[in-house]
1. Under a 10 Å cutoff between Cα atoms, tell me which one of N52, N28, N12 has the largest fluctuation in the Gaussian network model of the chain.
2. Taking K30 as the anchor, which lysines have their alpha carbon closer than 16 Å to its alpha carbon, excluding any fewer than eight residues away along the same chain?
3. Taking Cα atoms, how many degrees apart are the long axis of helix 14-25 and the longest axis of the chain, rounded to 10 and kept between 0 and 90?
4. Per-residue ellipticity at 222 nm for the chain, helices alone: DSSP H runs ≥ 4 residues times -39500 (n - 2.57), over residue total, nearest 500 deg cm²/dmol?
5. Helix 67-77 versus the longest principal axis of the chain: what is the Cα-based angle in degrees, 0 to 90, to the nearest 10?
6. Would you mind telling me the share, in percent, of accessible area of the chain contributed by carbon and sulfur at probe 1.4 angstrom?
7. Which shape class, rounded, prolate or oblate, goes with the chain when its Cα gyration tensor gives a ≥ b ≥ c as root eigenvalues, a/c under 1.5 marks rounded, and past that a/b bigger than b/c marks prolate?
8. Over segment 17-61, with the other protein chains present, what is the accessible area per residue in square angstrom, probe 1.4 angstrom?
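The values are calculated or read from the model by the stated rules, or taken from the named source; none is laboratory data. Owing to the predicted nature of the structure, the values given are computational and were not obtained by experimental measurement. When we count neighbours, we look across all protein chains shown, and the Cβ atoms used for this are built from the backbone with ideal geometry, even at glycine. Heads up: the accessible areas ignore ligands, DNA and RNA and are worked out on the full protein's heavy atoms, side chains in. Shrake-Rupley method; radii C 1.70, N 1.55, O 1.52, S 1.80 Å.
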Amino acid sequence: MSKISIITINYNNLQGLEKTMQSVVNQNLKDFEYIVIDGGSTDGSASYIEQNASLINYYVSEKDSGIYNAMNKGIKVAT
């Protein structure tokens, strides 16, 4: 069975990030890698990501040029 990659992108949406991450980690299927790309949020999202780093295979919080740039960052690190 192949492993899938789940990529979450976020920018200053802590509430949405929390709901999304909880949904992903509570899935019955566990054979996936989880990637979180944050655009340098200032609303506490970066701290939340770091606090939950053990649930994430790869994460970064840095300024990007928008939604497509963020998704492309995730795709580049996906295996």
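1. With Cα springs under 10 Å in the chain, the top fluctuation among N52, N28, N12 is at N28.
2. K3
3. With rounding to tens, the tilt is 10 degrees.
4. Calculated at 222 nm, the ellipticity per residue is -11000 deg cm²/dmol.
5. The angle comes out near 40 degrees.
6. Looking at the chain in its full context, I get 48 percent from C and S.
7. oblate
8. That works out to 54 Å² for each residue.
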